[in-house]
Amino acid sequence: MALRPYEDIVGPLIIPVRGKEYTLPTISLQDGLRIHAATSKGEDLSLNDLTEIILGDTKAQMLADSVPPSVVDRALWAGIADFQAAREAAEQVWEHGVPKAVLEELVTALGQAPTTPTGAETTTPPQASGNGTKPRKKRSPSPGKTSSPSGA
């Protein structure tokens, strides 16, 4: 039995949005090694560089077609999942978002400030005010008085 071409087996990741399909570029060996070095050896790879590797010109095409940034973001994370963990993982990310633990691990490995992509599980409480003062409680109106938008 002869081996089939790799592209016939795996194929590119195609992102369907609003009836149009966006094909993510094939990751080169050099870029793949850069991603692996960043995630395993702690070498530098910015989020912008990672986005360029995973989405390439597809990002500009999507934005030109007015695809919402949250969908472009999800396409990025699906592309990362496809590269790191195969097509089934990409499909899960596309449909359900990035699990928070996976996001934190990747962000830590890349040395980036954490962000929450669309669909990510969030459990982190909001940060407290940084001015050191306690927020004042709003006073409720006096009994018997009502306010109206017209001031009447």
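General remarks:
- Residue within segment 60-71 that is under 11 Å from the mean Cα position of the chain (by Cα), more than 17 Å from Val102 (Cα to Cα) and in contact (Cβ under 8 Å) with a residue 40 or more places away in the chain present: yes
- Contacts under 6 angstrom Cβ, first residue in segment 31-59 being within 13 Å of Phe83 (Cα to Cα), partner modelled with pLDDT under 95 and among the aliphatic types (A, V, I, L, M), 6 or more apart: Arg34/Leu45; Thr39/Ala109; Ile54/Ile80
- Yes/no for Ala86 being buried (at least 20 other Cβ atoms within 10 Å of the Cβ) and modelled with pLDDT under 95: no
The values are calculated or read from the model by the stated rules, or taken from the named source; none is laboratory data. It should be emphasised that the depicted structure is a prediction, and the values quoted were computed from it without experimental measurement. All Cβ positions, glycine included, derive from the backbone under ideal geometry; neighbour counts span all protein chains shown.
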